[in-house]
Amino acid sequence: MTPTASPPASFRDLFTPKLVTVLREGYGWKDLRTDAVAGLTVAIVALPLSMAIAIASGATPDKGLITAIVGGFLISALGGSRFQIGGPAGAFIPLVASTIAIHGYDGLVIATFMAGFMLVAVGFLRLGTYIKYIPYPVTVGFTSGIAVIIFVSQVRDLLGLRLAGPEPAEMLHKLPVLWQALPTLNPVAVVVAAAAIGGILALKRWRPAIPGMLVAVVLGGAATALFALPVETIGSRFGTLPTGIGFNGLPGLSLARVRELLVPAIAFAMLGGIESLLSAVVADGMTGRRHRSNCELVAQGIANIASALFGGLPVTGTIARTATNVRAGARGPVAGMFHAVFLLVFLSLAGGLMSYVPLAALAGVLAIVAWNMAEKREFAVLLRASPGDALVLLAAFLLTVFVDLTAGIGVGIVLGSLLFMHRMAEAMAVDSKVRLLEEDVADDAVPRAPYATARGTDRRIVTYHLNGAFFFGAAATVASVFDRIGDPPAIFILDMSDVPFLDTTGANTLESFVHKLERAGTRVVIAGPRPAAQATLAHFGIAEPRVSIARTLEAATAAAEARLAFT
């Protein structure tokens with residue numbers, strides 16, 4: 001099978017919202033009902049999360065709901081993913097908190113507004129493709145670092161501590177302040193937080209269909225109101241929440257202010273782009289669909305502009321809520337639009353009741369979010385994979401935790417690039433002749449496959465030949481080819497005899513592909529891997545007996561044909 005080149009994608013193909021695509025395909029009352037149920041399911045999950053993220057970011061809980069309502073609606077209506085759910089994200093907590101602490105809430109609004117225009121520009125310039133090429137250790141490092149920051153930010157409310165002054169945003173200053181406040185620990189708050197965490201985990205294990213986070217928040221609020229528990233609540237800290245949303249504008253906008261907020265705006269745009277595309281990729285993997293990355297970035301930019309104008313927080317695609325949307329059976333973007341409408345209804349009808357919710361219960365919700373966000377298994381795998389990848393991982397992680405997210409991502413990318421150049425220098429005798437950047441194409445376009453060719457004598461056997469260094473820059477291209485192999489064969493042979501180097505991002509891509517074939521009942525054979533590549537694959541569980549390893553392609557083909565002869 002020889003790959004064919006895809007025709008150039010038109011502007012219309014690249015930037016048509018998936019909502020338009022879904023409606024063109026045909027959308028009836030049955031689809032509408034299904035999307036309404038999915039939207040309600042996601043709204044129930046998003047309600048406590050949006051408030052908790054806003055509070056952890058140093059804002060009021062209604063700001064989180066405004067973000068999910070305004071930003072979430074526009075991301076679904078205008079975005080390039082069928083299933084993306086937008087709203088405030090835990091990943092933004094440290095950036096938002098530090099921006100508010102330094103520049104005030106008005107400064108955050110202006111920075112969010114600026115970030116929105118940056119994302120629109122990045123999308124229209126078709127630069128979204130480049131965001132895909134962040135090394136895997138950097139992604140794991142800063143994501144795990146954000147998880148640590150989120151958890152530490154909740155220690156105050158988890159333990160009901162009383163601080164003498166404002167809680168510092170920087171980790172090195174925050175930890176001593178929390179330690180000194182330990183004598184003020186509130187046992188009732190600890191019990192409320194522990195009950196919330198325990199209830200969420202119990203429901204997830206034994207009754208996963210029940211929204212544990214919402215149940216924990218509702219029961220915590222009911223107990224606080226009925227028994228007058230001596231714990232801090234949303235009402236005691238923030239007062240009664242508003243029951244609607246209103247246009248906020250851009251207070252204090254000036255040229256000097258724009259210059260002052262340029263760095264935070266760039267950070268918001270960069271993280272928003274990364275998070276939204278990661279979330280869209282997760283949705284693609286769960287559904288077999290394909291998002292339009294640059295269209296998605298334009299929608300993210302418009303959503304951030306609107307969120308700022310209504311006084312909200314930075315908005316991006318959210319992985320957990322997007323996954324919930326897919327599992328709830330959503331048919332298309334209308335589900336995400338329903339999610340925003342339901343949140344508006346909740347805010348309008350139950351804004352007053354939310355004042356009874358204990359902050360300890362919301363802290364328990366975010367503790368679970370932090371635990372789920374921390375990529376524990378991936379972190380451990382990368383630490384063992386190679387000294388270079390471990391260095392990149394730890395640099396991104398430690399700088400994110402103790403300095404800031406921008407430093408973590410920036411230094412991680414630089415170190416990852418240097419590590420790659422060093423490895424390429426060792427393999428410079430090999431001329432891979434591959435195209436490293438894949439153009440963003442329309443859904444129905446046939447992708448370029450410059451990196452792999454397929455061949456085979458038996459139709460039940462499919463063989464792909466990889467030629468060249470399989471590193472983070474080529475992972476997206478190879479993954480797009482793998483996603484289009486057609487009907488799963490009985491045996492899939494991957495010839496890696498011409499792969500001089502395989503990094504952890506490439507290995508992670510192969511692991512996802514092998515897992516997909518396993519679910520389809522396909523036996524995978526790896527032919528001719530070099531010792532270093534085989535060791536990297538083994539770190540990701542791609543080894544005997546899960547897959548078969550053959551020394552040569554000829555041996556792999558002969559063994560596959562013999563295997564089929566007995567079936």
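The values are calculated or read from the model by the stated rules, or taken from the named source; none is laboratory data. Given the structure is predicted, the values throughout are model-derived calculations rather than measurements. A quick note on method: Cβ atoms are made from the backbone with ideal geometry, for glycine too, and the neighbour counts reach across all protein chains shown.
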Lone qualifier among G329, G312, G317 - being of a type outside the set (F, W, Y) and either surrounded by fewer than 19 Cβ atoms within 10 Å (Cβ to Cβ) or outside the structural domain of I245 (by TED's automatic domain parsing) (or both): G329
I'd like the residue in segment 308-351 that is more than 17 Å from G64 (Cβ to Cβ) and small (G, A, S) and, out of all such residues, is nearest to the chain's Cα centre (by Cα). A323
Please pick out the residue among A68, A97, A52 that is within 27 Å of S355 (Cβ to Cβ), touching a Ser or Thr at 6+ places or on another chain (Cβ under 7 Å) and either among the β-branched types (V, I, T) or crowded, with 24+ Cβ neighbours inside 10 Å (or both). A68
Per-region count, segment 394-425, residues charged (D, E, K, R) and in a helix (DSSP H, G or I): 1
When you check A390 against the structure, is it within 23 Å of the chain's Cα centre (by Cα) and not β-branched (V, I, T), yes or no? yes
Breaking point among (1) assigned to a loop (DSSP other than H, G, I, E, B); (2) under 21 Å from A323 (Cα atoms), for I274: (1)
In segment 45-92, the residues that are of a type in the set (F, W, Y) and within 16 Å of L108 (Cβ to Cβ): F92
Where in segment 99-211 are there helices (runs of 4 or more DSSP H), lying fully within it, with 3 or more residues that are of a type in the set (V, I, T)? 136-153, 187-206
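Is there a residue in segment 536-546 that is over 30 Å from the mean Cα position of the chain (by Cα) and not charged (D, E, K, R)?
Yes, segment 536-546 contains a residue that is over 30 Å from the mean Cα position of the chain (by Cα) and not charged (D, E, K, R).
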Can you pull out the residues in segment 501-520 that are in contact with a strand residue (DSSP E or B) (Cβ under 9 Å, 6 or more places away or on another chain) and either among the acidic types (D, E) or within 27 Å of V138 (Cβ to Cβ) (or both)? F501, L502, D503, T505, G506, A507, T509, L510, F513, V514, E518
Does A303 fit the bill of being under 23 Å from H339 (Cα atoms), outside any loop (DSSP other than H, G, I, E, B) and in contact with a helix residue (DSSP H, G or I) (Cβ under 9 Å, 6 or more places away or on another chain)? yes
Check A228 against each of (1) of a type in the set (A, V, I, L, M, F, W, C); (2) at pLDDT below 90; (3) touching a helix residue (DSSP H, G or I) at 6+ places or on another chain (Cβ under 9 Å); (4) more than 24 Å from I110 (Cβ to Cβ) and name the one condition it does not meet. (3)
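Can you list the helices (runs of 4 or more DSSP H) lying wholly within segment 478-567 that have 2 or more residues being surrounded by 18 or more Cβ atoms within 10 Å (Cβ to Cβ), touching a His at 6+ places or on another chain (Cβ under 8 Å) and at pLDDT 85 or above?
Numbers: elements: 504-519, 531-539, 553-565.
Filter on segment 478-567 gives 504-519.
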Test each condition in (1) surrounded by 18 or more Cβ atoms within 10 Å (Cβ to Cβ); (2) at pLDDT 85 or above for L383 and report the one that comes out false. (1)
Here is a list: F342, F310. Which entry is closer than 14 Å to A111 by Cα, aromatic (F, W, Y) and at pLDDT 90 or above? F310
Would you confirm whether any residue within segment 196-216 is within 19 Å of I368 (Cα to Cα), surrounded by fewer than 17 Cβ atoms within 10 Å (Cβ to Cβ), within 31 Å of the chain's Cα centre (by Cα) and among the aromatic types (F, W, Y)? yes
So, A370, is that one farther than 30 Å from A194 by Cβ and touching a residue at least 12 places away in the same chain (Cβ under 8 Å) or not? no
What are the pairs with Cβ atoms under 6 angstrom where one residue, in segment 226-247, is over 16 Å from R162 (Cα atoms) and the other, located anywhere, is among the acidic types (D, E) and surrounded by 11 or more Cβ atoms within 10 Å (Cβ to Cβ)? Sequence gap at least six, or different chains. L241/D62; P242/D62
What's the number of the only condition in (1) buried (at least 17 other Cβ atoms within 10 Å of the Cβ); (2) under 30 Å from the mean Cα position of the chain (by Cα); (3) in a helix (DSSP H, G or I) that T224 fails to meet? (2)
Give the residues of segment 248-277 that are surrounded by fewer than 19 Cβ atoms within 10 Å (Cβ to Cβ), of a type outside the set (S, T, N, Q) and either closer than 19 Å to T318 by Cα or free of Cβ contacts under 8 Å to residues at least 12 places away in the same chain (or both), sorted by residue number. L255, A256, R259
